[in-house]
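Structure record follows, encoded as structure tokens.
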Amino acid sequence: MKTTVLFFAILWSVTNIAQSKLDTLTYQKYQNKRFTKVTFDTGFNDSLIVNTLSLEEKIEALSTVWHEAKFNFANFDLIPNVNWDSLYRAYLPKIMATNHIMETYGVLMQFNQHLRDGHTRILPPLYHFRKEKFNVVPIHFKYIDGKAVVYQIKSNDPSFKEIQKGMILEKIDGIPVQQYIQKNISPTLHFSTVQDSIGRIYHYELLTGAENSKVVLDFKTANGKTLQKTLSRKPFEWKSNTPVSYSVLPGNIGHLVIDSFVDEVTFTAFKEYFPAITKTAGLIIDIRHNGGGNSHWGHEIIGYLTAQPFYPSMTLMNEYHPVHRAWGGDAIQAKKIAYDWKPYQNEVYTKPIVVLISELTYSASEDFCAAFITTKRGILMGTATGGSTGQPLGYTLPGGGIGFICSKRDAMYDGTEFVGLGIQPDIEVKPSIEGLQKGKDEVLEAALNYLKKNKTISK
């Protein structure tokens, strides 16, 4: 009798519970909680120091890189011969066989490299990244005629005094440069194009290494002699450079150097220089070393260079619909976004413009180029850009590292592709070894000569 009463009591309570209404906002909020939001600044765990990962964590790390790319990577069509699932299976034994955490992350970086995308990368845990990798010798190189040629020396330290532009680096720690690159840099490099890989290697990666470690460099000087220098690697200062500088060149030509579009500081500096820029006979905008940032600030600057509406890049964004897949249809729907930008400034610069570009012109600076082309306000000069833009999506990895995956595809407004190709200059100009040895900036000189021939400046 008691059992029967209990049964009916439970039945009554179940059948009399009020059924709730579907709350789509609450449902959406709950679903989105499952996905973390990670940026370069917030993704790292500064206090976490882990030297090894468990077997389960290693598999989790590889699986995370695999599934974040599988569902979020925007550029699989650019690597049609890559079977991402097959690669995942092939890398499982490799990741499981690693010991130290940096070895584990090295395998993750090799796996990631198959995506061939500059915005898609793996960063080791911050402690190890700072200690073992994120340290530099302040010398930048150009790859010219198959050689590593000194291009910039970013130090006033007396130990760098003997090193001159145009010198050829022949050996690093006694190893010929090309062999050193193949062994120490190429296996884990992320890049989009050939010129992108060259720019990354010779400008950024060539001399990186462990904190305070020594590196022996063998140079060939302009007169054919050998110079050997032992230098120390120091921590990289992430925000040490001034993003914008300005000067007036002979002939009353403005030279505006923009090295970053990271934040509003760039736009604020440009506005401060703008009154002086308006007084020039022509303008050279130099973004040869601009690694990108936020495209918005570049578009704001273009708004001072034309009074007519212009057109930023066209964007493709993928939307994943699992129910369409369940119905036997296409799960991925591509959404195209394009718009015009209407300038709103009272005063606009109307004189001729040359924009200088290189393989280091990247991401948001390529978006700047794509939009500038639509204004028909000037030409691009230099060498092809890096060929990578988009929006990196960040995610966390076991042990404290982070990964990024390119989550949208951009093209020029008319649909012309440049991701995986680069934006080509209207006039190609390359630096030479002889020019660097003579202290010349041949690309900048070519821009000045172009403006002379177009009667922009006086001779």
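The values are calculated or read from the model by the stated rules, or taken from the named source; none is laboratory data. Predicted model only: the values in this text are computed from it and were never measured. All Cβ positions, even for glycine, are placed from backbone atoms using ideal geometry, and neighbour counts span all protein chains on display. Calculation scope for accessible area: heavy atoms of the full protein, side chains included, ligands and nucleic acids excluded. Shrake-Rupley method; radii C 1.70, N 1.55, O 1.52, S 1.80 Å.
Laid out as a table, the results:
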{"item": "Mean Kyte hydropathy of 0.5 or more with a Cα span along the axis of at least 15 Å, helices from DSSP in the chain", "result": "2-15, 364-375"}
{"item": "Pair I337, A90: separation of 7 Å Cα→Cβ label points (nm)", "result": "3.5"}
{"item": "Counted charge near Q195, where neighbours are those whose Cβ lies closer than 14 Å (Asp, Glu -1; Lys, Arg +1)", "result": "+1"}
{"item": "For peptides 63-69, 78-84, 424-430, sequence by mean Cβ density within 10 Å, most packed first", "result": "63-69, 424-430, 78-84"}
{"item": "Low-density loop cleavage sites - trypsin sites (Lys or Arg not before Pro) in segment 340-409, where at most 14 other Cβ are within 10 Å (DSSP)", "result": "K376"}
{"item": "Added length on full extension, which subtracts the Cα-Cα distance from 0.36 nm per residue, Y27 to L55", "result": "6.6 nm"}
{"item": "Distance between segment 416-458 and segment 138-162 - C-alpha centres, whole angstrom", "result": "21"}
{"item": "In segment 162-244, GluC sites (Glu not before Pro) in a DSSP loop with at most 16 other beta-carbon atoms within 10 Å", "result": "E162, E211, E237"}
{"item": "Gain upon complete extension [L48, T416; 0.36 nm per residue less C-alpha separation]", "result": "128.0 nm"}
{"item": "Summed residue charge, Cβ within 13 Å of I168's Cβ, Lys/Arg positive, Asp/Glu negative", "result": "+2"}
{"item": "Solvent-accessible area per residue for the chain (1.4 angstrom probe, square angstrom)", "result": "53"}
{"item": "Inter-probe distance in nm under a simple model that places probes 7 Å from Cα toward Cβ, at K225 and S432", "result": "2.5"}
{"item": "Ordering of 247-257, 384-394, 24-34 by burial proxy (mean other Cβ atoms within 10 Å per residue, highest first)", "result": "384-394, 247-257, 24-34"}
{"item": "Listed residues Y339, Y127 arranged by accessible area, highest first, probe 1.4 Å", "result": "Y339, Y127"}
{"item": "Count of lysine pairs in segment 19-84 with Cα separation under 27 Å (8 or more residues apart, or interchain)", "result": "9"}
{"item": "In Å², nearest 10: area of S192 left accessible to a 1.4 Å probe", "result": "20"}
{"item": "Under 13 Å from K171, Cα to Cα: aspartates and glutamates that are on another chain or at least 8 residues apart", "result": "D218"}
{"item": "Within-13-Å neighbourhood charge of D286 [Cβ basis; K, R +1; D, E -1]", "result": "-2"}
{"item": "Portion, in percent, of the accessible area of the chain that falls on carbon or sulfur, probe 1.4 Å", "result": "53"}
{"item": "Largest to smallest accessible area among I49, I163 [probe 1.4 Å]", "result": "I49, I163"}
{"item": "Centroid-to-centroid separation of segment 206-235 and segment 323-352 [C-alpha atoms, Å]", "result": "46"}
